[in-house]
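All remarks here apply to the structure that follows.
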Amino acid sequence: MCILLRGCLCALLITAVPAYEQVHGRHIYSTQEDIYLYQDASEILKSKDKLYLYQAPGGGWTSGNSMCIFSSLVSIHDEKNTVLRTIEYWSETRFTKLHFLMKAQTGRGQQPVIKALDVGNNEYATFPPEPPSKGHDQKSNEPASAPTLKPRSLYEFGKLHEKPVLYASNRCVLLGTMSSQDSTLWIPGKLLNSPPKPCVFMMLALCGPRTYMAYQSEQAICKGYVKQFQTSTYGQE
């Protein structure tokens, strides 16, 4: 009986070898585009929760900058995942509220970005038409790259900003570039007291282990600003 079972098992293995080679005969590798699936900010931009600046670069983030930055959803435009959101922040002398038209732009072969256009109070504003793509043999009169803005510089009104997305989910969005001093992590107000671990890990791993804890550092003074300027609430929702 044992000899018979061993014979059957051997026959089964011999029969299975060609099938195994057929399925596993070649290796399948991920592609560069696979990472872009985790950088689409469309869902988080549509969030009805306020999005708060939670972490910022460890260097160059001084007390002279504006503080208590958050973003609120105003409206959602049906076409092309476009939304109207505010950018609100305080300084020692005033409260500022800006309106930005935003959309997550994704495309095969390029890192996803968030496009943001300051539109004042025009709720019905639209993005300007995209310029036609240029061939490789055509020269552009535009500079190779736009001047880099400091992390909290939002004073170029009417300018179309493009911010690379390093990581995005329905629980956070990490903006910036790897190992740089321009990365910012934004999370919904309801998660401020228990920030998603994957989001914080991405910030520390991709942008450096020493970051400025913006929300925790500024929370007390921000609540003081709320009373001083009699504006909307700030903090855990």
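The values are calculated or read from the model by the stated rules, or taken from the named source; none is laboratory data. Every value quoted in this text rests on a predicted model; they were computed, and no experiment measured them. Reconstructed Cβ throughout: ideal geometry from the backbone, glycine too, with neighbour counts over all protein chains shown.
Quick notes on this structure:
- Residue that is nearest to residue 68 (Cα to Cα) [pool: residues in segment 224-237 that are more than 26 Å from the chain's Cα centre (by Cα) and exposed (fewer than 14 other Cβ atoms within 10 Å of the Cβ)]: 224
- When residues of segment 165-179 are limited to those that are surrounded by 21 or more Cβ atoms within 10 Å (Cβ to Cβ) and part of a loop (DSSP other than H, G, I, E, B), the one modelled with the highest pLDDT: 172
- Near pairs, Cβ below 7 angstrom, 6+ apart or cross-chain, from segment 211-228 (free of Cβ contacts under 8 Å to residues at least 60 places away in the same chain and farther than 15 Å from residue 187 by Cβ) to any residue that is assigned to a helix (DSSP H, G or I) and not small (Gly, Ala, Ser): none
- Enumeration of residues in segment 193-210 that are of a type in the set (A, V, I, L, M), buried (at least 20 other Cβ atoms within 10 Å of the Cβ) and touching a residue at least 60 places away in the same chain (Cβ under 8 Å): 203
- When residues in segment 1-36 are screened for being within 30 Å of residue 162 (Cα to Cα) and either of a type outside the set (S, T, N, Q) or modelled with pLDDT of 85 or more (or both), 6 of them pass.
- Failed item, numbered, when residue 144 is tested on (1) hydrophobic (A, V, I, L, M, F, W, C); (2) at pLDDT below 65; (3) assigned to a strand (DSSP E or B): (3)
- Listed by position, the strands (runs of 3 or more DSSP E) contained in segment 30-102 that have at least 3 residues being buried (at least 18 other Cβ atoms within 10 Å of the Cβ) and touching a residue at least 60 places away in the same chain (Cβ under 8 Å) are 51-57, 67-71, 82-90.
- Among residues that are of a type outside the set (A, V, I, L, M, F, W, C) and either modelled with pLDDT of 90 or more or under 20 Å from the mean Cα position of the chain (by Cα) (or both), residue 39 is included.
- Qualifying residue in segment 117-134 (condition: modelled with pLDDT of 85 or more, of a type outside the set (S, T, N, Q), touching a helix residue (DSSP H, G or I) at 6+ places or on another chain (Cβ under 6 Å) and under 17 Å from residue 75 (Cβ atoms)): no
- Hits in segment 85-110 - residues which are modelled with pLDDT of 90 or more, of a type outside the set (A, V, I, L, M, F, W, C) and over 17 Å from residue 50 (Cα atoms): 105
- Conditions (1) part of a helix (DSSP H, G or I); (2) in contact with a Leu (Cβ under 7 Å, 6 or more places away or on another chain); number of the one not met by residue 201: (2)
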